[in-house]
Structures are given as C-alpha cells and as structure tokens.
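Inspection log for the structure reproduced underneath, given as structure tokens.
The values are calculated or read from the model by the stated rules, or taken from the named source; none is laboratory data. Being a predicted model, the structure only gives us computed values, none of them experimental. Neighbour counts run over all protein chains shown; Cβ positions are idealised from the backbone, glycine included. Only protein heavy atoms, including side chains, enter the accessible area calculation; ligands, DNA and RNA are left aside. Shrake-Rupley method; radii C 1.70, N 1.55, O 1.52, S 1.80 Å.
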Amino acid sequence: MSTYVTAVLRTDEPPLMHEAVLEAVRLLKEGEVVALPTETVYGLAANALDANAVAKIFEAKERPTFDPLIVHLPNKTQLDLVADVPPEIAQTVKQLTERFWPGPLTLLLPKKSIVPDIVTAGLPTVAVRVSSNAVFKRIISALDKPLAAPSANRFGSISPTSASAVLAELDTRIHLIIDAGASLYGLESTIIKIEPGSPKPLITIVRPGPLTPEDLKVYGKVKVATRTVVDEATEAPGQLASHYAPRTPLRLLSRPSDFIPEEGKRYALMSYRGEEKDGYLHLCEWEEVMMLSPGNGKLPEAAVRFFHILRRLDELGVDEIIAEPLHEHGMGIAMMDKLRRASVRRP
Ligand code: TXA
Ligand code: MG
C-alpha cells in the first residue's frame with residue numbers, strides 16, 4: 001500500500017474553509033481520495049465516475065470489492081444521471097427526495113451504465129444520497145461530479161464522527177482529511193429499498209439510521225429488514241454480521257442479571273444514561289463508565305456520542321466492553337443493530 005503524509009485541514013474560519021475546499025477539489029479532480037465530513041459520519045470520497053479513483057477507496061480502507069459504495073450527488077436533480085427510477089415508484093421517490101434530501105436518506109435504485117461496476121460491486125442497483133453538510137456541499141458543488149464515499153474507517157471498524165477519528169483510522173493511507181467538527185447525527189444514513197405495493201408502496205429499511213420507521217411511514221408501508229448472513233448478498237452486502245467492531249471484545253446485555261464478572265478481568269461499561277435504577281452501575285468495579293446520554297436517555301443525543309464513546313472505550317485496553325441495551329425505537333433501532341454486529345467476534 002502507498003503511504004502519504006496525511007494533512008488535516010480545518011474549516012472553522014472563512015479563509016481556512018476556502019483553502020480546504022480548493023485543496024479537496026484539486027485532489028478529487030486528480031483522481032485522489034479525500035476524507036470529507038458529512039452530516040452522518042465522515043466519508044472517504046472519490047469521483048464516482050472514475051473507476052481508478054474509486055479503486056483507491058477500497059485500497060485505503062482494505063475493503064473487499066464485493067461491498068458496494070454509496071454515491072453522493074451534488075444535488076437531487078442529478079439523480080437521473082446515475083439511476084433509472086422505475087415509473088411504478090417514481091412518485092414515492094419524488095416525495096422522499098423532496099422531503100429528506102439533502103439529508104441522511106440513501107435510496108437503492110437501478111443503476112445507469114455510467115456508474116462503474118466497482119462502485120456497485122457488480123450489482124444492478126446503486127445506493128444514492130445527497131449530503132446536507134455545508135462543507136461537503138461546497139466541495140461537491142465545486143467539483144460538480146457524483147462522489148462515491150463509504151465511511152472513512154478501515155473495513156469492519158468503527159465509523160468516524162470526527163477528523164481525529166478518521167486520522168486514527170487512515171493516517172498515512174490518504175493525502176487529506178477535511179475537518180468540519182463532530183458529525184451532526186453520528187450514525188450512518190438510513191438505507192431503503194422501495195417496491196410498488198397497494199394500497200401503499202413498500203419501504204424496506206435495509207440499514208437503520210437517523211431516519212426512523214416513524215419518519216418514513218407517511219410514504220409507504222415500512223419494514224425493517226432483519227438480515228442474516230445469507231441474504232446479505234442481496235440486501236446490503238456490506239452489512240456483515242460482524243461489523244462496527246472495536247478491537248476489544250464487546251458484549252451487549254439484555255438485563256443486568258446477564259453479567260457475572262470474572263475474577264481478575266477488567267471491564268468498561270457503555271451505559272445508556274448512567275442511571276442507578278437501570279441496575280448496571282454496580283455490577284462490578286468498572287474500569288471506566290461512559291454514558292451515551294447522561295441523565296435523560298435521549299436517543300438522538302446517544303447517537304451523536306455513540307461511535308465516539310465506542311472508540312474511547314476501545315482505547316482503554318480492557319478485557320471486555322459491556323454495553324447496556326438501549327430503547328429499541330427511533331434511533332435506538334440503529335444503535336442496537338450496531339451493538340449486535342459489534343458483539344459478533346470476527347474469526
Ligand atoms: O451516512 C452514510 O451513509 C455514510 C456517509 C459517508 O455518506 N456512508 C456509509 O457508507 O455509511 P458505507 O460504505 O460505510 O456503507 C454503505 C452501505 C454498505 O453496507 C453497502 O453494502 C450498502 O451501503 N450498499 C451500497 N450500495 C448498495 C447496493 N447497490 N445494494 C445494497 N447495498 C448497498
Ligand atoms: Mg461503513
């Protein structure tokens with residue numbers, strides 16, 4: 001693998017922003033990859049129409065080429081460039097994109113031939129979204145090309161929600177990281193598939209995320225796909241059973257009585273709201289307790305902190321991370337999905 005001196009450019013003052021945008025656009029035009037902020041998590045972007053540039057994403061992430069990428073558009077009017085929207089679902093696609101784009105919604109649609117096969121891992125469909133992040137928007141508008149961008153982490157690892165997290169994942173593997181502070185949502189976009197149906201179209205959530213079944217139900221009958229390893233090949237091939245995994249083993253509990261500490265082992269707790277009454281705080285002498293939503297148990301707040309806290313707990317070098325269960329509604333659906341995947345050990 002090639003090695004680089006990885007630069008991190010800030011965007012929190014106008015002259016810095018200007019320079020950062022110019023440099024990102026320059027590299028992207030040259031067919032390089034650049035880590036960019038989005039409103040969900042940081043992404044590792046390359047020109048989606050340039051197969052050689054896209055190949056560098058797979059190399060930097062050590063991502064297997066059977067795992068397709070999301071294509072980000074400069075604006076919703078460019079959807080027709082990359083996707084063929086079937087007439088039977090055109091109305092629903094229009095409603096959803098008008099309501100949620102730019103934003104954390106990704107649609108699976110039949111792909112047009114302009115999209116290189118490496119982007120979609122040979123699948124006949126392409127995953128598309130439009131990001132609402134202000135810095136991302138400036139860069140993609142200046143480039144005026146669709147950008148393929150998976151989360152900017154090494155394959156199977158924890159998604160980055162800050163520039164420093166990207167650096168921890170990809171230092172020396174890429175030229176540039178654009179820093180725009182912490183990600184707004186902290187969870188990857190909700191991915192959906194739309195099928196015609198009567199009386200309502202069928203919306204299948206292939207990957208749960210910031211937009212919840214509640215948000216989508218006005219537009220169709222919503223189903224959350226429960227994926228097994230077997231049907232991953234047809235649904236979201238990248239959603240492997242073992243994913244989002246810290247290096248430290250992680251165990252998700254259903255209730256406090258499920259945990260009996262072993263003598264001499266060091267444990268850290270990922271607590272939902274740090275409440276005594278939930279029954280987890282005194283299960284053992286925790287090496288560290290980190291709370292997702294201190295006090296209140298608010299799911300959107302927990303989401304913003306989720307990957308950051310998982311990364312911090314992983315850095316402690318304890319024997320095991322113990323996770324409390326979260327309410328499984330709203331954004332809790334996505335976090336519980338990720339905790340289940342994180343708790344599956346890689347072979
Ligand atoms: O919020 C997000 O979606 C972030 C930001 C950077 O946009 N991106 C992201 O990308 O999470 P990534 O590559 O980490 O996850 C994309 C997921 C993978 O699980 C992949 O398998 C699935 O989308 N996917 C992409 N194209 C697909 C397709 N044509 N059919 C089924 N699943 C697809
Ligand atoms: Mg990812």
| Output for the range 59-85, where each listed residue is touching a residue at least 40 places away in the same chain (Cβ under 8 Å), of a type outside the set (Lys, Arg) and assigned to a loop (DSSP other than H, G, I, E, B) | Glu62, Pro64, Thr65, Phe66, Asp67, Pro68, Leu69, Leu73, Pro74, Asn75
| Residues of the range 94-124 being open to solvent by 20 Å² or more (accessible area, probe 1.4 Å), near ligand 1 (Cβ under 10 Å from one of its atoms) and free of Cβ contacts under 8 Å to residues at least 60 places away in the same chain, which ones? | Pro110, Lys111, Gly122, Pro124
| request: Considering each of Ala342, Ala334, Ala268, Ala245 in turn, give the residue that is at pLDDT 95 or above, closer than 20 Å to Thr40 by Cβ and buried (at least 16 other Cβ atoms within 10 Å of the Cβ). | output: Ala334
| task | Mind counting the residues in the range 168-206 that are free of Cβ contacts under 8 Å to residues at least 40 places away in the same chain, outside any loop (DSSP other than H, G, I, E, B), open to solvent by 10 Å² or more (accessible area, probe 1.4 Å) and not assigned by TED's automatic domain parsing to the domain that holds Gln91? | result | 1
